[in-house]
Structure formats: structure tokens, C-alpha cells
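So the structure is just underneath, and the comments pick up after that.
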Amino acid sequence: MSYAVDNVLDEIAIGMKALRDTTKGIPDVGGIRSSHERARRAVGALVVALEDVRSKISDS
């Protein structure tokens, strides 16, 4: 088990929640909503990949 990966996943969750809260109420100017959606999907893929390799990463 990697505590470093757990910490990164926690920080990603906090950051994504802050981003979601920040973008509420902002009008969709310049495609900000579609950019946010692409970023959200990319971060989701990263989180899944990190969870998959968590057991293979050791803290040293």
C-alpha cells in the first residue's frame, strides 16, 4: 500500500471539488464548460490509473 498515492488521490479530490465549486455560476464564455468537462474526464482517468497501480508502488 502506498501512502503517497493515497495522499495524491486525496489532494486530487480536494482540488476537483474546489474547481467545481469555483465554476458554479460562471457563464459558459469561451467554452469553459467543455474545457472543464475534458479536464474532469482526464483527471478521472488519472485517478483510475493511480488506483490500479497503488498496490505496486511502495513507499520508501
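Residues Val29, Val8 ordered from highest to lowest accessible area at a 1.4 Å probe: Val29, Val8. Around the Cα centre of the chain, unit charges on the Cβ atoms of Lys, Arg, Asp and Glu (plus for the first two, minus for the last two) sum to a dipole of about 300 debye. Accessible surface calculations at 1.4 Å, restricted to protein heavy atoms, place the chain at 76 Å² per residue. With the charge dipole of the chain set up from +1 on Lys and Arg Cβ and -1 on Asp and Glu Cβ about the Cα centre, the Cα lying farthest toward the positive end among the listed residues Leu9, Ile57, Ser34 is that of Ser34. Accessible-area rank, largest first, for Ser58, Ser35, Ser2: Ser58, Ser35, Ser2, with all protein chains present and a 1.4 angstrom probe. Within the range 22-60, the trypsin sites (Lys or Arg not before Pro) that combine a DSSP coil assignment with at most 11 other C-beta atoms in a 10 angstrom radius are Lys24.
Any chance you could give the angle, 0 to 90 degrees and rounded to 10, that helix 32-53 forms with the longest Cα principal axis of the chain? Once rounded, the angle reads 10 degrees. Each 10 Å bin from zero up to the one holding the largest Cα-Cα distance in the chain carries the following percent of pairs: 21, 42, 24, 11, 2.
Tell me the angle of helix 3-23 to the major Cα principal axis of the chain, expressed in degrees between 0 and 90 and rounded to the nearest ten. Rounded to the nearest ten degrees, it is 10. Based on C-alpha pairs under 8 angstrom that are at least 6 apart in sequence, the chain has a relative contact order of 84 percent.
The values are calculated or read from the model by the stated rules, or taken from the named source; none is laboratory data. Since we're looking at a predicted model, the values are computed, not measured. Using ideal geometry, Cβ is built from the backbone for each residue, glycine included, and neighbour counts are taken over all protein chains shown. The area values use the complete protein model at the heavy-atom level, side chains included, leaving out ligands, DNA and RNA. Shrake-Rupley method; radii C 1.70, N 1.55, O 1.52, S 1.80 Å.
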